[in-house]
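Colleague: What follows is a structure written as structure tokens; I'll ask about it next.
The values are calculated or read from the model by the stated rules, or taken from the named source; none is laboratory data. Only a predicted model underlies this, so the values are computations on that prediction, with no experimental measurement involved. Quick reminder, even Gly has a Cβ in these numbers, built from the backbone with ideal geometry, and neighbours come from all protein chains shown.
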Amino acid sequence: MSVDHDGVVLDGDGTRCVHGGQPDPVTGQPLHAGPVLSAPFHLGPPDEPTPADFYGRSDNPTWRALESAIGELDGGECVLFASGMAAIAAVLRIGAARGGLVLPSDGYYQARALAHAELGPLGVAIREVPTVGEWPTLDGAGLVLAETPSNPGLDVRDIPAAAAAAHAAGALLAVDNTTATPLGQSPLALGADLTVASDTKALAGHGDVLLGHVSTRDPELAAALRAARTRGGAIPGPLETWLAHRGLGTLDLRLARQAANAAALVELLLAHPAATDVRWPGHPSDPAHAVAARQMRRWNGVLRFTLPSVDAVGRFLGASRLTGSATSFGGLQSTADRRERWGDAVAPGLVRYSAGCEDTADLVADVRQALDAVG
């Protein structure tokens with residue numbers, strides 16, 4: 001929350017997105033500061049304290065500006081990473097140092113792959129549990145990772161309940177908040193110790209940046225994350241960081257249009273005979289809606305549905321003029337991704353659809369005729 005000199009509270013989503021992390025105005029200086037691209041920085045005489053910026057792998061003013069903006073939205077201290085996977089990797093390694101890992105069996109597949117390939121051989125116990133349902137005993141766990149809404153299933157885990165269960169077992173709770181975004185959900189306020197996201201998706205929002213972050217309210221965890229980033233070298237480029245900060249400014253606007261488009265598409269899909277198993281937590285009929293409505297502030301543009309076959313997905317994509325075939329989500333353009341191709345344990349025709357920022361009427365009309373082409 002920010003307060004101006006007259007004591008007026010300025011904490012709307014759009015205001016925080018536009019002004020977060022921006023410097024105080026200085027006459028004659030650029031309204032939009034550019035990225036700091038230097039790797040080395042001037043140190044000064046050897047007997048003086050080392051400045052905050054001395055080498056580009058340790059810190060950068062461009063990082064700090066975006067970290068300030070995201071940290072305010074998340075309600076904690078933000079640490080940027082070169083990608084969402086780099087951020088998840090840092091979280092899993094910190095958790096593995098404390099004990100075993102509990103991962104979502106229906107969440108992003110690369111998180112599980114990383115744990116099994118790199119941490120399992122070192123003796124770290126790894127358990128997989130579905131997003132929905134009762135967890136088994138968490139004894140011995142050092143970290144529990146929840147992905148909510150999950151990707152690609154869009155199931156929802158009750159975050160306060162998950163935090164209580166993890167903490168009772170002495171474990172940390174990390175929540176992958178990529179799908180919800182910081183505007184849609186605040187895991188730290190709901191009891192999570194860490195919130196992690198791929199900012200490649202909705203936060204940067206333009207499909208031209210790889211970036212990720214972790215936020216926490218625990219200063220020791222924040223310090224551990226920064227140390228892990230410096231040692232491992234999974235640092236974001238200053239230009240990518242600057243582009244993401246620019247993209248963040250329109251997150252509020254983009255999220256509103258994407259959610260409106262998703263809501264309209266869900267109504268179309270529910271009524272169309274070509275689509276089954278339609279899921280979007282924002283719809284009142286969705287199985288996850290009750291839990292999602294308790295803990296999510298806003299809806300987003302990511303939905304899913306199933307077409308009869310792989311060929312049907314091909315016909316759908318071939319007939320649509322506005323839907324791109326791509327594996328990311330949260331961008332300006334609507335995209336669709338057949339998730340089984342990546343190894344998710346889903347039906348061959350399951351489509352994760354990312355509603356973009358096109359005009360709602362145009363997008364609905366286009367998707368309708370594409371569904372009609374499926375037969």
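Colleague: So ALA292 ticks every box in (1) more than 21 Å from CYS357 (Cα to Cα); (2) touching a residue at least 24 places away in the same chain (Cβ under 8 Å); (3) surrounded by fewer than 19 Cβ atoms within 10 Å (Cβ to Cβ) but one. Which box is left unticked?
Modeller: Here ALA292 clears every test but (3).
Colleague: Continuing with the same structure: Count, please, the residues in the stretch 174-207 that happen to be of a type in the set (A, V, I, L, M, F, W, C), surrounded by 24 or more Cβ atoms within 10 Å (Cβ to Cβ) and not in a loop (DSSP other than H, G, I, E, B).
Modeller: Of the residues in the stretch 174-207, 5 are of a type in the set (A, V, I, L, M, F, W, C), surrounded by 24 or more Cβ atoms within 10 Å (Cβ to Cβ) and not in a loop (DSSP other than H, G, I, E, B).
Colleague: Looking at the stretch 22-51, I want the residues that are at positive phi and in a loop (DSSP other than H, G, I, E, B) and have a partner that is at pLDDT 95 or above and charged (D, E, K, R) with Cβ atoms under 6 Å, at least 6 apart or on another chain. Which pairs are those?
Modeller: none
Colleague: Something else: For the stretch 327-353, enumerate the residues that are touching a residue at least 24 places away in the same chain (Cβ under 8 Å) and hydrophobic (A, V, I, L, M, F, W, C).
Modeller: If the condition is that a residue be touching a residue at least 24 places away in the same chain (Cβ under 8 Å) and hydrophobic (A, V, I, L, M, F, W, C), then PHE329, LEU332, TRP342, ALA345, VAL346, ALA347, LEU350, VAL351 are the ones that fit.
Colleague: Follow-up. Out of ARG231, ARG226, I need the residue that is basic (Lys, Arg), surrounded by fewer than 16 Cβ atoms within 10 Å (Cβ to Cβ) and assigned by TED's automatic domain parsing to the domain that holds VAL91. Which one? Outline the logic, then answer.
Modeller: Working: ARG226 fails: surrounded by fewer than 16 Cβ atoms within 10 Å (Cβ to Cβ).
So the residue among ARG231, ARG226 that is basic (Lys, Arg), surrounded by fewer than 16 Cβ atoms within 10 Å (Cβ to Cβ) and assigned by TED's automatic domain parsing to the domain that holds VAL91 is ARG231.
Colleague: Moving on. Any residue in the stretch 237-259 that's farther than 16 Å from ILE70 by Cβ: show its pairings with residues that are of a type in the set (Ser, Thr, Tyr) and buried (at least 24 other Cβ atoms within 10 Å of the Cβ) at Cβ separation under 8 Å, as long as the two are six or more apart or on different chains.
Modeller: Partner pairs satisfying both residue conditions: GLN258/SER354.
Colleague: Among ALA165, ALA169, which is without any contact (Cβ under 8 Å) to a residue 60 or more places away in the chain and in contact with a Phe, Trp or Tyr (Cβ under 7 Å, 6 or more places away or on another chain)? Step through it out loud before you land on a result.
Modeller: On the way: ALA169 fails: in contact with a Phe, Trp or Tyr (Cβ under 7 Å, 6 or more places away or on another chain).
ALA165 is the lone residue from the list that is without any contact (Cβ under 8 Å) to a residue 60 or more places away in the chain and in contact with a Phe, Trp or Tyr (Cβ under 7 Å, 6 or more places away or on another chain).
Colleague: Within the stretch 106-129, how many residues are surrounded by 16 or more Cβ atoms within 10 Å (Cβ to Cβ), part of a loop (DSSP other than H, G, I, E, B) and free of Cβ contacts under 8 Å to residues at least 40 places away in the same chain?
Modeller: Qualifying residue count, the stretch 106-129: 1.
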